[in-house]
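Worksheet for the structure shown next.
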Amino acid sequence: MPMQDLISFYRDIDPETRAVVVQTLRIVAILVLAWVLQAVSARLIRLFRAYMQRRTGHDEVARIETLARVFRNTAAIVIVIVAGTLVLGELGISVAPILATAGVAGVAIGFGAQSLIKNFLGGFFILLDDQIREGDVVQVAGLSGLVEEVTLRYVRLRNFDGHVHFVPNGEITTVTNMTRGFAQAVIDAGVAYREDPDEGLAVMREVARAMRDDPAWRDKMPEDIEIIGVERWDDSAVILRARLRVVPPIQQWNVKREFLKRLKKAYDERGIEIPYPHLTVYAGSDKEGRAPAFHVATQ
């Protein structure tokens, strides 16, 4: 329809119909603008996500994806609320009573949903501070396991037995991340009191050197073993301590198991005793140090 005919048609209609047409056009314009804003915000978030993924490493992808999803949902909710408020205003519905009712209802819901809000806030800061990523091994709220999922509401862990734990973010006050950057596999080995501690420590160095020469373990042990020394005296053993730097950190348990297996074989080959708890019985002695014969009577 030509523009002049459209203008003539608009002038010829009665004022009430004209007001309805104007109102309808405004509502359509608001909805179209809301759709455009939502599409633009989603596009900008995707561009930002792609930019951050190019600048960061592969281990940051899960965190960036989660944050992008949070920002996208937040933008969509804000746009819908603003657009809905404007549409209600165009329809002649007063927004003030609705806002007042929503405020009262929000206060009531807030008292009942404090834990939910606490979970969301906790999850947001966990993601923002990069405390936990998917694939990490962590200890939170007294539970530990492999992180399978991180959301704004909970962290999902799977422990060594295959059990799944859902930990609300509001319950997380301290995070122990055991697989961030690198790890130290701490080795405590006990030898008998009659053994030479220096010999036991030397064997630990030899075992670590052999593991680093093994292609299967070379990349997981970037540095030589660090000998700490004699850690303590136990009831039946002298505890020798050393530690191995492990990369990637999630391999620390496998490296420790392999090292202990090889150390056991090496101690056995050299006749170094790995003691077990035992009891020494003294029959007594006189002042000159002579001990009487020890006799066990059986019936």
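Every number in this text was worked out from the coordinates using simple rules, so none of it is lab data. Note that the structure is a prediction, hence the values are computed from the model and not measured. Cβ sites come from the backbone with ideal geometry, for glycine too, and all protein chains shown count toward neighbours.
With a Förster radius of 30 Å, plug the Cβ-Cβ distance of Ala192 and Phe160 into 1/(1 + (r/R0)^6) and report the FRET value to the nearest 0.05.
Details: r = 32 Å, r/R0 = 1.06.
So, using R0 = 30 Å, E works out to roughly 0.40.
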**OP:** Distance from a point 7 Å along Cα→Cβ of Asp224 to each backbone N in region 194-218: keep the residues under 20 Å and list them by number.
**Re:** 197-215, 217-218
Original post:
Lys118 to Val78: FRET efficiency via 1/(1 + (r/R0)^6), r the Cβ-Cβ distance, R0 25 Å, to the nearest 0.05?
Top reply: 0.70
Original post:
What is the calculated FRET efficiency for Tyr51 to Glu171, with r their C-beta to C-beta distance and R₀ = 35 Å, to the nearest 0.05?
Top reply: 0.55
Original post:
Measuring from a point 7 Å past the Cα of Asp234 along Cα-to-C-beta, which residues in region 189-227 have an amide N at less than 13 Å?
Top reply: 189-193
Subject >> Estimated distance in nm for a label pair at Glu148 and Ala216, the labels positioned 7 Å out from Cα along Cα-to-Cβ >> reply: 2.9
